[in-house]
Amino acid sequence: MPKTKKLLSSEEFFDILRLRTPANAARTDALINSRGLAEMAVLVCDSSGFSKKTHDHGIIEFLDTMVKCHDRFVRIVEGVGGQALSSKADNLIALFPSVESAARAALELNAWLKARNAKVPAYKRYNICSGIDFGPLIRLADDAYGPTVNVAFKVGEDIAGVDEILLTSRAADGLPSSFRRRYAKNVTIGAINFDLYRLTGG
């Protein structure tokens, strides 16, 4: 049975980078890659209506709703084999071994929010915008870095609409045919063009 590599913590990772020099860069990079280089799906969900809700009802009221929703989000992510990296701000960042599991989580998050929102007053409703990308990244025990994370973050936070799940083409290509998606738009992120697909069911 292959030995599972021990992931670096954020503290270990940045301590290694602090000692990186031109002379040891190749050796340092090989160490980091051996401990953390991975190909994964990244799901980023951002809340909708933060500014208006905090203006109308105050930050404490919004955070009360957010933290209770995010607690459930983490359970949903972990239930399909993912890892929630961050849920402290009004966004959620999660890693998955496959696009299928990331898409499953995104659909379950929306379904749970739809059912929850139907039972609470308007000011307690919580909605998200979601982006999924797939590709290489540096995975740490408690965080992740790389263009795959950046693209998913950009799609989820800046491009996806309310209750919308958008996938890059490289993520959409990894979905089983049982998932329903359709072409949405072409966007430019960091001077690179991406075709995005809207996930509608699975």
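Here, each number is a calculation from the coordinates, and none is a lab measurement. None of these values were measured; they are calculated from a predicted model. All Cβ positions, even for glycine, are placed from backbone atoms using ideal geometry, and neighbour counts span all protein chains on display.
Couple of notes before you dig in:
- When only the Cβ of Lys, Arg, Asp and Glu is charged (+1, +1, -1, -1), the dipole of the chain relative to its Cα centre reaches about 380 debye.
- Extreme residue, positive dipole direction of region 1-79, given options Ala25, Val77, Cys45 (C-beta unit charges): Ala25
- Counting only Cβ charges, +1 for Lys and Arg and -1 for Asp and Glu, the dipole size of region 1-67 around its Cα centre is about 480 debye.
- Applying a length cut-off of 24 Å (Cα extent along the axis) and a mean Kyte-Doolittle floor of -0.5 to the DSSP H helices of the chain leaves 59-79, 99-117.
- For region 153-187 and region 127-142, distance of Cα centres in Å: 13
- Interatomic Cα distance distribution for the chain, bins of 5 angstrom, percent: 1, 7, 15, 18, 17, 14, 12, 8, 4, 2, 1, 0, 0
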